[in-house]
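For reference, the structure discussed in these notes is given below.
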């Protein structure tokens, strides 16, 4: 096992398992590290990131930003897509394995296709279960993708 100090202020991370690299997002910066902790790539981001997901099917990184935008980047830093982040979708993200992206909100999940268009927007729990207070734990807790069907699994609170 190797210890590598991480930069301060990491807000999101994802990995490229095939390349054995780790992507870390800090305030306005995205950096790729190899298995030995060496910086492979680093580039500035246009706004503060809030979430990210690696898309193994395209080798690109999906980013959500504080300015309510979602963008996709190549590993060299070229932006290949930018679109408004759908309403009700401000939580965890997961690439669908087919170029698209699932984004969870407090009560809804949204699917963007590879071109950034909303293809699915569905409530997975009643709005009344997720109170308006930001400290509520009654909201979607986790999101994972079905690698075969490219659908999403969602973890909601148990009663």
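Tabulated results
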| item | result |
| --- | --- |
| Selection from the range 128-159 of residues that are within 16 Å of the chain's Cα centre (by Cα), crowded, with 17+ Cβ neighbours inside 10 Å and modelled with pLDDT under 90 | 140 |
| Any hit, the range 71-85, residues being part of a loop (DSSP other than H, G, I, E, B) and buried (at least 19 other Cβ atoms within 10 Å of the Cβ) | yes |
| In the range 89-119, the residues that are farther than 27 Å from residue 41 by Cβ, surrounded by fewer than 18 Cβ atoms within 10 Å (Cβ to Cβ) and in contact with a strand residue (DSSP E or B) (Cβ under 7 Å, 6 or more places away or on another chain) | 118, 119 |
| Failed condition for residue 125, given (1) out of contact with any strand residue (DSSP E or B) (no Cβ under 7 Å at 6 or more places or on another chain); (2) within 25 Å of residue 24 (Cα to Cα); (3) modelled with pLDDT under 90 | (2) |
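The values are calculated or read from the model by the stated rules, or taken from the named source; none is laboratory data. What you see is a predicted model, and the numbers here were worked out from it, not measured in a lab. With ideal geometry, Cβ positions are generated from the backbone for all residues, glycine too; neighbour counts draw on all protein chains shown.
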